[in-house]
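The values are calculated or read from the model by the stated rules, or taken from the named source; none is laboratory data. These figures come from a predicted structure and were not determined experimentally. Glycine gets a Cβ as well: all are built from the backbone with ideal geometry, and neighbour counts include every protein chain shown. Heavy atoms of the whole protein, side chains included, go into the accessibility calculation; ligands, DNA and RNA do not. Shrake-Rupley method; radii C 1.70, N 1.55, O 1.52, S 1.80 Å.
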Amino acid sequence: MESIHLPVKDLRHEYGNRGLHKKDLHPNPFQVFVEWFKEAKVSGTIEPNAFFLATATPNGHPSCRAVLMKHFDEEGLFFFTNYGSRKAIEITANPYVAATFWWSNIERQVRIEGYIEKTSEEISTRYFSQRPRKSQLGAWASMQGIPLPSKAPMEEKYKQYEEKFEKQEVPCPPYWGGYRIIPTTFEFWQGSEARLHDRFLYLKEKDTWSITRLSP
Ligand SMILES: Cc1cc2nc3c(=O)[nH]c(=O)nc-3n(C[C@H](O)[C@H](O)[C@H](O)COP(=O)(O)O)c2cc1C
């Protein structure tokens, strides 16, 4: 068999646009997240609301995938998905999750850990009703994670739902909806010179957040 080799060991980026100091950090990590998100957005990052969501089975088998944050406030971070998917099955069995945003344009990473809850049906249906019609029909046509012999049966299903819901609003499928991540830690990482990156960990202690600088 032909050997596989990717020449990546010399790929290197020099970080160091700016430093990050404790005195400049807002005591509330939700506030810092909002400020950083706004900067990521204006920096031209594609889908700055995309993050990597890690879940794990109760016996510690992890899995990770990108999802899109669709709402953020002091209640937490919201995303939407299929409740029959692998992530949903893992979340049902183990509600502890981790989320990572990587905004390369501004050399920043944010890590969030916490636990997760399903959103109310009202939140799910309201958000679903605002999605583009094609995405709504796609949610009906796709049983996320189920093996397919080819793409054709799914395309066929899409057409069937297109006809079924013709001239009417597409309802939210019963197996589709939102989750809210309730953060218990935030870590803000800023790339810095000589790999001496800045990292600050916020830990929730009752109603306040402690802030600790970590070695990079
Ligand atoms: C940038 C990006 C954004 C995505 N956003 C979502 C999302 O918001 N919800 C979702 O269910 N899947 C989303 N996906 C697809 C997931 O990464 C994943 O393939 C799918 O949810 C199935 O994951 P699971 O089998 O682990 O449950 C996105 C993929 C990418 C690359």
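Out of V42, V34, one residue alone is closer than 27 Å to S210 by Cα and modelled with pLDDT of 95 or more. It is V34. When I46 is tested against (1) open to solvent by 80 Å² or more (accessible area, probe 1.4 Å); (2) in contact (Cβ under 8 Å) with a residue 40 or more places away in the chain, exactly one condition is not met: (2).
Once region 58-107 is narrowed to residues that are open to solvent by 20 Å² or more (accessible area, probe 1.4 Å), in contact with a strand residue (DSSP E or B) (Cβ under 8 Å, 6 or more places away or on another chain) and part of a loop (DSSP other than H, G, I, E, B), the residue that is nearest to the ligand (Cβ to nearest atom) is K70.
Does S215 satisfy being open to solvent by less than 70 Å² (accessible area, probe 1.4 Å), of a type in the set (S, T, Y) and more than 16 Å from the chain's Cα centre (by Cα)? No.
F72 passes every criterion in (1) touching a helix residue (DSSP H, G or I) at 6+ places or on another chain (Cβ under 8 Å); (2) more than 27 Å from D198 (Cα to Cα) apart from (2). Of the residues making up region 173-182, those that are crowded, with 19+ Cβ neighbours inside 10 Å and either under 19 Å from the mean Cα position of the chain (by Cα) or part of a helix (DSSP H, G or I) (or both) number 6.
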